[in-house]
Amino acid sequence: MRNANLHRKTLETDVSVGICLDGGEKDISTGIGFFDHMLNSFAVHGGFGMKVTVKGDLNVDCHHTVEDTGIVLGKAFEAALGDRAGIKRFGSCTIPMDESLAFASVDISGRPFLVFSADFKQEKVGSYDTCMTEEFMRAFAVNAGVTLHTKVLYGVNAHHETEAMFKAVAHALRDAVAPYGKSVLSAKGSL
């Protein structure tokens, strides 16, 4: 099983993440209802087992909780991958959700990069600031060592736009971590 468990505690947050790339239980608790919903969708659509527990300074706002969750989840994802041998490496997906459409493409390359494009129509969904979606995706991509391109192509409802994006990223990652051969998929022989 490809799994990892990580814990990170700062003066702003206390984050514990367990991930299994091959499936398993999902148990998410960040203190931000909509963010829990997005992480659960990420786990379900990625085919990942995922346990996330976060205590953050929500009296300030949701920024530290969301970003730090992305950091720890990214590091756990990277650790669960091991040497990255025997995976498909690339994945892409476009997901519709009602009136919204989102796209994601990933390369599990060891070279972190984020290209993010979204103009969320509302600033908040519950207590979640929609601008934090970019911060989460950046923190995840950098710490997982993946190149991630994601875009909301169009939409009207920020809930739908955000959820379509999280699902598209999850499906792209699901494809990229799928078994494929035995070695690292690179003309160089390494990443």
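The values are calculated or read from the model by the stated rules, or taken from the named source; none is laboratory data. Keep in mind that what you see is a predicted model, and the values were worked out from it rather than measured. Glycine gets a Cβ as well: all are built from the backbone with ideal geometry, and neighbour counts include every protein chain shown.
A few remarks follow.
- Hits in the stretch 93-115 - residues which are in a loop (DSSP other than H, G, I, E, B) and either at pLDDT 95 or above or surrounded by 20 or more Cβ atoms within 10 Å (Cβ to Cβ) (or both): Asp98, Glu99, Ile108, Pro112
- Selection over the stretch 103-119 of residues that are without any contact (Cβ under 8 Å) to a residue 60 or more places away in the chain and either under 12 Å from Met137 (Cα atoms) or among the aliphatic types (A, V, I, L, M) (or both) gives a count of 7.
Rundown of residues vs (1) β-branched (Val, Ile, Thr); (2) within 18 Å of the chain's Cα centre (by Cα); (3) in a strand (DSSP E or B), yes/no style:
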residue: Phe77; (1), (2), (3): no, yes, no
residue: Ala85; (1), (2), (3): no, no, no
residue: Gly91; (1), (2), (3): no, yes, yes
residue: Glu134; (1), (2), (3): no, yes, no
residue: Ala139; (1), (2), (3): no, yes, no
residue: Leu148; (1), (2), (3): no, yes, yes
residue: Glu163; (1), (2), (3): no, yes, no
residue: Lys167; (1), (2), (3): no, yes, no
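- The set of residues from the stretch 116-129 being over 28 Å from Ala80 (Cβ atoms) and part of a loop (DSSP other than H, G, I, E, B) comprises Asp119, Phe120, Lys121, Gln122, Glu123, Gly126, Ser127.
- The number of residues in the stretch 169-183 that are part of a helix (DSSP H, G or I) and either crowded, with 24+ Cβ neighbours inside 10 Å or aliphatic (A, V, I, L, M) (or both) comes to 5.
- Scanning the stretch 19-33 for residues that are under 27 Å from Ile87 (Cα atoms) and not small (Gly, Ala, Ser) returns Ile19, Cys20, Leu21, Asp22, Glu25, Lys26, Asp27, Ile28.
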